[in-house]
Amino acid sequence: MPDSFDLLKAAYDPENFRTLGHQLIDQLADQLQQMLEGRESGTPAIPWAAPNEAFEYWSKARWDGDPMQLLKAVAEKSVHIHHPRYMGHQLSPSTPLAALAGLVNDFVNNGMGVYEMGIPGSTLERVVVKSVAKQASMPANADGFLTSGGTLANLTALLAARAHYTTVWQDGAGQPLALMVSEEAHYCVDRAVRIMGWGEGGIIKVPVNEQYEMRTDLLPEYLARAKASGRQVIAVVGSACTTSTGSFDDLHAIADFCQANQLWMHVDGAHGAAHIYSEKYHHLVAGLERADTVVMDFHKMLLTPSITTALLFRKGQRSYQTFAQRAQYLWEREEDADWFNLAKRTFECTKSMLSLRAYCNLAVYGSEFFDAYVTRVVERGRELAALVEAHPDFELAVAPRTNIVCFRYRNPNIPEEQRSTHNEAIRKVMTEVGKFYIVKTVLRGQTYLRTTLTNPFTERTDLEALLAEIEQTGQRTAGILMQEFSSDAL
Ligand SMILES: *Cc1c(COP(=O)(O)O)cnc(C)c1O
């Protein structure tokens, strides 16, 4: 029986670490190679297991003191974002370099709340944020920080807006507040409103046009109505882009409206703010530089592991007001602001060293690397849309602006009112088969298949193969569905 201190010593043995580390990197490099060649080798993009089956496996698994087997099993049984036929949720395949940076982050385990607990990480965070603000064409005094995800970043930005217009932070609830946002916005905006205690009436949903973009022409009318009902509107949130369809609100129109009415302009660019890196498609987010706050996820379109999100403030000083315990003028001068003590401004106390992974990509490959990637995946989206349109049995939901493409299969034997059920069945079967990974969304009450073309190695042949697979699956499931309908009718 080893004594208990021996157990601790073994866990920290540098030679064990070296050996396991070498094995692990070999294993992951092999897996990367296998995934990149997944098209030819037939490796599934998602190794599907039903939840109960997975629980059975993981609760019974024994690794007999061999951590390599455990790590290998996790890597192999996870959804493979490096596979060119992964076209599902918006995460991007991490660069191997950024993944290695993640290992360093986990190893040093710096807490990042105060400067001493992460000197390189806190400093690099400022370097990254300043560089993003510059890329976004914001003024030199723009600033911000990195935080744990778009959801938390949106809440933090809205808390900053509230701190700017009200004294709720000190005094508690006052006049009922509200913001305006398109009805297609990410659900986290709704959630933020409710967390802030504004209730259902605090989120004023502005209708969208045919392209799922905010009807900015309706803003004056909605603002007047809110005022008449006793609500103080403090902000307008633009989506750049929406999650479901990748639609971009007209940010200049929102900026003009906010300026005229002294409202806070926030841009939820969790997915799409990354277009600032594309010379060709930067125009999709024109006007973003006029926003008071902007959220941008590095993990959606910038090849960085989750979870890494930038929250930018056009007037950097305002980032210090959000959680200030006392009066807002506390850190009026930049030198008082302690940019290096990050927890003053973030929701998190302890936080991961978010800067390093993003910084590695930026510093080693440069912004032209992000340009190449963003431009490429946006064009893949347009290519898929063209293939969908050319096919008589497919229907595009909306012409895509970015790498998010929604469409549906229209089998001639399936009645119109069963289309949604049929496309849901197709997506379910395809996930279980696992050759492709795609998701779905509901638009105007109808289910569509939804793809995010996130892998830079996805080729036209993968897109053609995707449509062929959907069609085949659609034909097979159509027969089963038709039987069900006729037995229902009996
Ligand atoms: C993904 C997304 C979010 C949520 O971001 P997380 O990083 O997943 O928390 C918010 N808004 C939009 C528009 C998104 O696409």
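The values are calculated or read from the model by the stated rules, or taken from the named source; none is laboratory data. The structure displayed is predicted, hence computed values, not measured ones. In this analysis, Cβ positions are derived from the backbone assuming ideal geometry, glycine residues included, and neighbour counts consider all displayed protein chains. For the accessible areas, the whole protein counts, side chains as well, though only heavy atoms, and no ligand, DNA or RNA atoms are used. Shrake-Rupley method; radii C 1.70, N 1.55, O 1.52, S 1.80 Å.
Within the stretch 425-445, work out how many residues are farther than 19 Å from L396 by Cα and open to solvent by 80 Å² or more (accessible area, probe 1.4 Å).
3
Within the stretch 141-178, how many residues are open to solvent by 60 Å² or more (accessible area, probe 1.4 Å) and either within 16 Å of the ligand (Cβ to nearest atom) or touching a helix residue (DSSP H, G or I) at 6+ places or on another chain (Cβ under 8 Å) (or both)? Quick ask: steps written out before the conclusion?
So in the stretch 141-178, the residues open to solvent by 60 Å² or more (accessible area, probe 1.4 Å) come out as 141, 151, 164-165, 167, 169-171, 173, 175-176.
Narrowing the set further to residues that are either within 16 Å of the ligand (Cβ to nearest atom) or touching a helix residue (DSSP H, G or I) at 6+ places or on another chain (Cβ under 8 Å) (or both) leaves 141, 151, 164, 169, 176.
Qualifying residue count for the region: 5.
Which condition number in (1) at pLDDT 95 or above; (2) away from the ligand (no atom under 16 Å from the Cβ); (3) at negative phi is the one that D190 fails?
It is condition (2) that D190 fails.
Take D256 and tell me if it is among the acidic types (D, E), without any contact (Cβ under 8 Å) to a residue 40 or more places away in the chain and more than 11 Å from the ligand (Cβ to nearest atom). Steps first, answer last, please.
Numbers: among the acidic types (D, E): yes; without any contact (Cβ under 8 Å) to a residue 40 or more places away in the chain: yes; more than 11 Å from the ligand (Cβ to nearest atom): yes.
Yes: the conditions hold for D256.
Just checking, how many residues over the stretch 284-315 are over 17 Å from R376 (Cβ atoms) and not in a loop (DSSP other than H, G, I, E, B)?
Keep residues of the stretch 284-315 that are over 17 Å from R376 (Cβ atoms), which gives 285-299, 305-315.
Going one step further and asking which of them are not in a loop (DSSP other than H, G, I, E, B), we end up with 285, 288-290, 293-299, 309-313.
Summing the residues that are over 17 Å from R376 (Cβ atoms) and not in a loop (DSSP other than H, G, I, E, B) in the stretch 284-315 gives 16.
Just for the stretch 262-283: of the residues that are among the hydrophobic types (A, V, I, L, M, F, W, C) and in a helix (DSSP H, G or I), which one is surrounded by the most Cβ atoms within 10 Å (Cβ to Cβ)? Spell out how you get there, then give the answer.
Going through the stretch 262-283, the residues among the hydrophobic types (A, V, I, L, M, F, W, C) turn out to be 263-265, 267, 270, 273-274, 276.
Now restrict to residues that are in a helix (DSSP H, G or I): 273-274, 276.
Numbers: A273: 31, A274: 29, I276: 26.
It comes out as A273.
Exactly one condition in (1) of a type in the set (G, A, S); (2) away from the ligand (no atom under 13 Å from the Cβ); (3) in contact with a His (Cβ under 8 Å, 6 or more places away or on another chain) is not met by S239; state its number.
Against the list (1) of a type in the set (G, A, S); (2) away from the ligand (no atom under 13 Å from the Cβ); (3) in contact with a His (Cβ under 8 Å, 6 or more places away or on another chain), S239 comes up short only on (2).
Could you identify the single residue in E116, E210, E183 that is within 16 Å of the ligand (Cβ to nearest atom) and farther than 18 Å from T309 by Cβ? Walk me through it before giving the result.
Details: E116 fails: within 16 Å of the ligand (Cβ to nearest atom); E210 fails: within 16 Å of the ligand (Cβ to nearest atom).
Matching residue, one of E116, E210, E183: E183.
For the subset of the stretch 284-310 comprising residues that are of a type in the set (S, T, Y) and away from the ligand (no atom under 11 Å from the Cβ), which member is surrounded by the most Cβ atoms within 10 Å (Cβ to Cβ)?
Filtering the stretch 284-310 for residues of a type in the set (S, T, Y) gives 293, 304, 306, 308-309.
Still in the list and also away from the ligand (no atom under 11 Å from the Cβ): 293, 304.
On the way: T293: 26, T304: 29.
Across the stretch 284-310, the extreme among qualifying residues is T304.
So which residues in the stretch 193-214 are touching a residue at least 24 places away in the same chain (Cβ under 8 Å) and either surrounded by fewer than 12 Cβ atoms within 10 Å (Cβ to Cβ) or not β-branched (V, I, T) (or both), if there are any at all? Steps first, answer last, please.
Kept after step one, since they are touching a residue at least 24 places away in the same chain (Cβ under 8 Å), are these residues of the stretch 193-214: 193, 195-197, 201-208, 210-214.
M196, G197, G201, G202, K205, P207, E210, Q211, Y212, E213, M214 - these are the residues of the stretch 193-214 that are touching a residue at least 24 places away in the same chain (Cβ under 8 Å) and either surrounded by fewer than 12 Cβ atoms within 10 Å (Cβ to Cβ) or not β-branched (V, I, T) (or both).
Would it be correct to say that S92 is within 20 Å of Y365 (Cα to Cα) and either surrounded by 15 or more Cβ atoms within 10 Å (Cβ to Cβ) or acidic (D, E) (or both)? Steps first, please.
On the way: within 20 Å of Y365 (Cα to Cα): yes; either surrounded by 15 or more Cβ atoms within 10 Å (Cβ to Cβ) or acidic (D, E) (or both): yes.
In short, yes.
Kindly state which helices (runs of 4 or more DSSP H) lie completely within the stretch 3-48 and contain at least 2 residues that are in contact with a His (Cβ under 9 Å, 6 or more places away or on another chain).
By residue number, 14-36, 38-41.
Mind checking which pairs have a first residue in the stretch 294-306 that is touching a residue at least 40 places away in the same chain (Cβ under 8 Å) and under 17 Å from A133 (Cβ atoms) and a second that is within 7 Å of the ligand (Cβ to nearest atom) and in a loop (DSSP other than H, G, I, E, B), Cβ under 6 Å, 6 or more apart or different chains?
V295/A270; D297/A270
Could you list, in sequence order, all residues of the stretch 1-42 that are open to solvent by 60 Å² or more (accessible area, probe 1.4 Å), of a type in the set (A, V, I, L, M, F, W, C) and touching a residue at least 12 places away in the same chain (Cβ under 8 Å)?
L28, L36
Scan the stretch 215-253 for residues that are among the charged types (D, E, K, R) and either closer than 26 Å to G150 by Cα or open to solvent by 60 Å² or more (accessible area, probe 1.4 Å) (or both) and jot them down.
Our first condition is that a residue be among the charged types (D, E, K, R); within the stretch 215-253, this holds for 215, 217, 221, 225, 227, 231, 249-250.
Selection gives R215, D217, E221, R225, K227, D249, D250.
Starting from the stretch 399-423, take each residue that is at negative phi and open to solvent by less than 50 Å² (accessible area, probe 1.4 Å) and list its partners that are among the small types (G, A, S) and at pLDDT below 95, counting only C-beta distances under 7 angstrom and pairs at least six apart or across chains.
N411/A478; I414/A478; H422/A478
Going by what's in this entry, would Y365 be described as surrounded by 21 or more Cβ atoms within 10 Å (Cβ to Cβ) and away from the ligand (no atom under 14 Å from the Cβ)? Explain how you work it out, then say what you get.
Details: surrounded by 21 or more Cβ atoms within 10 Å (Cβ to Cβ): no; away from the ligand (no atom under 14 Å from the Cβ): yes.
It is false that Y365 is surrounded by 21 or more Cβ atoms within 10 Å (Cβ to Cβ) and away from the ligand (no atom under 14 Å from the Cβ).
Is it the case that some residue within the stretch 452-468 is in a strand (DSSP E or B), within 25 Å of the chain's Cα centre (by Cα) and buried (at least 23 other Cβ atoms within 10 Å of the Cβ)?
yes
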